[in-house]
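Contents: one structure, followed by commentary.
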Amino acid sequence: MAQILSLAQAVEAVVQDGDVTAFEGFTHLIPFAAGHETIRQGRKDLTLVRMTPDLIYDQLIGVGAAKKMVFSWGGNPGVGSLHRFRDAYEKGWPRPLEIEEHSHAAMANAYEAGAAGLPFAAFRGYRGAELPRVNPTIKSVTCPYTGEVLATVPAIRLDSAIIHAQKADRAGNVLLDGIVGVQKEAVLAAKRSLATVEEIVDDLGPRSLNACVLPHWTVTAIAAVPGGAHPSYTQGYYKRDNAYYEAWDEIARDRDSFKAWIAANVMDKGPEAFARYAAKRRPA
């Protein structure tokens, strides 16, 4: 059964130095508060996995928490580059960063394989693409039934997975609604998992047809962090903060301005800093 803990206790229990870890979310429900707590706790030597790394991975990379990133697209959505990621990969600041790049299809299938306990994923893809030239993990297999040559990638098997969701009940079941991305697969592919949520309720209540419930036995820890996905959005609670994404471009371009921002907005603040973004619920 999932334990309901404070954010600090939950991150301490789930995220360890050297982990292969994923802070997953696809535009929606990105676990920023948990990422900030990971920075405050000084986690290091992480291999960051995510289909669409954006600002939270820029921040984790910029403080030197990551040694490698496995991904299929990286950038500041609608704005431009991730400058801390580029500085680490191109210039080794604050430490060298190894990368492993895939397509979205490969990452999605690799998560599915990890969730199912399979060693690799096979799919139709990478035909005519150049990524196999620079990524030696991309291989192929011949179907024993049809003779078709299929692309393969290793299953994503995580030490820890961190997600954000709308609700959890007191038994530890977690409700995700709206765009759910690969959060379910990330949790099922992980040894340990943390779900931060907007609220903990007695009953999860009605849900939309695409909603996903992670049962309590799949989740290690739950922490109530209202606003914990800001500046991304949580459907039914608050909108995406587009101004934050635009402002990040200038903040992250310079090492000193980045370090000053981290000191003021991460190191000197806890999860309560996110609460103001969840203060006014918008219609679902």
Checklist entry - In a GNM of the chain with a 10 Å cut-off on Cα contacts, which of 64, 205, 18 has the highest mean-square fluctuation? => result 205
Checklist outcome for this item: Among 43, 124, 192, the residue with the largest mean-square fluctuation in a Gaussian network model of the chain built from Cα contacts under 10 Å is 124
Checklist entry - So which chymotrypsin sites (Phe, Trp or Tyr not before Pro) in region 82-174 pass both tests, a DSSP loop state and at most 11 other Cβ atoms within 10 Å of the Cβ? => result 145
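Taking the Cβ of each residue in 69, 1 as the centre, tally the other Cβ atoms inside 10 Å and list the residues starting with the fewest.
1, 69
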Checklist entry - If R0 is 25 Å, what FRET efficiency do you get for residue 244 and residue 179 from their C-beta distance, rounded to 0.05? => result 0.85
Item to check | R0 of 22 Å, Cβ-Cβ distance residue 257-residue 41: FRET efficiency to nearest 0.05 | outcome: 0.40
Next on the checklist: Once you compute Rg and the Kirkwood Rh from C-alpha atoms, what is the Rg to Rh ratio for region 58-180?
Outcome noted: 1.03
Item to check | Simple label model, 7 Å out from Cα along Cβ direction - residue 118 to residue 141, nm | outcome: 0.7 nm
Checklist outcome for this item: Most exposed first, judged by fewest Cβ atoms within 10 angstrom, 176, 209 run 209, 176
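Note the per residue figure in Å³ for the convex hull of the C-alpha positions in the chain. If you can, show how the numbers build up before the last one.
Values: hull volume 37.5 nm³, N = 284.
Spread over its residues, the Cα hull of the chain gives 132 Å³ apiece.
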Checklist outcome for this item: Under the helix-only model (-39500 (n - 2.57) for each DSSP H run of 4 or more, divided by the residues of the chain), the mean residue ellipticity at 222 nm, to 500 deg cm²/dmol, is -7500 deg cm²/dmol
Checklist entry - How do 143, 212 line up, fewest other C-beta atoms within 10 Å first? => result 143, 212
Checklist entry - Hey, rough spin-label estimate for residue 217 and residue 267, points 7 angstrom out along Cα→Cβ, what's it come to in nanometres? => result 4.4 nm
Item to check | Under 22 Å from the Cα of residue 91 - lysines, other chains or at least 8 residues apart | outcome: 44, 67, 68, 259
Checklist outcome for this item: Two pseudo-spin positions, 7 Å from Cα along C-beta at residue 129 and at residue 171, lie apart in nanometres by 4.0 nm
Checklist entry - Within region 158-184, what residues put their amide N at less than 18 Å from the label point 7 Å along the Cα-to-Cβ vector of residue 13? => result 159-165, 167-175
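Read-outs: derived from the displayed coordinates by stated rules, not from any lab. Computed from a predicted model, the values in this text were never measured in an experiment. Glycine gets a Cβ as well: all are built from the backbone with ideal geometry, and neighbour counts include every protein chain shown.
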